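Below is one structure; the comments refer to it alone.
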Amino acid sequence: QVQFVESGGGSVQPGGSLRLSCAASGSIFSVYAMGWYRQAPGKQRDLVAYITSGGSTNYADSVKGRFTISSDNAKKTVYLRMNSLKPEDTAVYYCYADIRYATGTVPLRYWGQGTQVTVSS
C-alpha cells in the first residue's frame, strides 16, 4: 500500500503563487518518477509536469516558464511551484508516483487524493 499526503492548494488571485507538495509513504522499493496532473470541471485529467528519480523534468506547454517541479528523493516528496497563476489554472491537482517493488520490475502508478487550486479575482 502507498499513501500520499498532499498540501499547498488553495485560492489565489491571478498573478499569484502557490506551492504544492506531495509525500509518498508505504511499501516502496524505489520511486521511478513523480508528477502532477490536473483536472478542471468537465474536462479530462491532463499532465502538468513530472520529474524522474534522475532529475529529468517535463512540463505541459501551458505551464512552461511559470511552474517548476522539484523533488526530494530521500523523502519521496514532489513539489510544484506555481507562479503567475491564471484563472485557467483552476483545477484539482493530483500527484502521482511510479513505484517499483523490486529491481527491474515495471513501475506501478499510484495517485494522491487531489488538492483544489482556485485562481480568481
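The values are calculated or read from the model by the stated rules, or taken from the named source; none is laboratory data. Predicted model only: the values in this text are computed from it and were never measured. Note that each Cβ is placed from the backbone with ideal geometry, even for glycine, and that neighbours are counted across all protein chains shown. The area values use the complete protein model at the heavy-atom level, side chains included, leaving out ligands, DNA and RNA. Shrake-Rupley method; radii C 1.70, N 1.55, O 1.52, S 1.80 Å.
All but one of (1) within 15 Å of Y94 (Cα to Cα); (2) in contact (Cβ under 8 Å) with a residue 24 or more places away in the chain hold for Q44, so report the exception by its number.
Here Q44 meets the rest and fails (2).
Residues that are of a type in the set (A, V, I, L, M): which strands (runs of 3 or more DSSP E) entirely in the range 61-112 hold 2 or more of them? Before the answer, list the steps.
Numbers: elements: 67-72, 77-82, 91-100, 108-111.
Once the strands (runs of 3 or more DSSP E) in the range 61-112 are filtered for at least 2 residues that are of a type in the set (A, V, I, L, M), what remains is 77-82, 91-100.
When the residues of the range 1-44 are filtered to those that are assigned to a strand (DSSP E or B) and of a type in the set (S, T, N, Q), which remaining residue is farthest from K76 (Cα to Cα)? Steps first, answer last, please.
Going through the range 1-44, the residues assigned to a strand (DSSP E or B) turn out to be 2-7, 10-12, 18-26, 30-39.
Then drop every residue that is not of a type in the set (S, T, N, Q), which leaves 3, 7, 11, 21, 25, 30, 39.
On the way: Q3: 11, S7: 14, S11: 26, S21: 11, S25: 7, S30: 9, Q39: 23 Å.
So, considering only residues that are assigned to a strand (DSSP E or B) and of a type in the set (S, T, N, Q), the one farthest from K76 (Cα to Cα) is S11.
Are any residues in the range 91-111 open to solvent by 10 Å² or more (accessible area, probe 1.4 Å) and out of contact with any Lys or Arg (no Cβ under 9 Å at 6 or more places or on another chain), and if so, which ones? Spell out the reasoning first.
Filtering the range 91-111 down to residues open to solvent by 10 Å² or more (accessible area, probe 1.4 Å) leaves 92, 94, 98, 100-111.
R100, Y101, A102, T103, G104, T105, R109, Y110, W111, listed by residue number.
Restricting attention to the range 26-45, which residues are surrounded by fewer than 14 Cβ atoms within 10 Å (Cβ to Cβ) and touching a Phe, Trp or Tyr at 6+ places or on another chain (Cβ under 9 Å)?
Residues satisfying the conditions are G26, S27, F29.
For L47, state whether it is in a strand (DSSP E or B) and either among the polar types (S, T, N, Q) or more than 17 Å from V5 (Cα to Cα) (or both). Walk me through how you get there before you give the answer.
On the way: in a strand (DSSP E or B): yes; either among the polar types (S, T, N, Q) or more than 17 Å from V5 (Cα to Cα) (or both): yes.
When the stated conditions are applied, L47 passes them.
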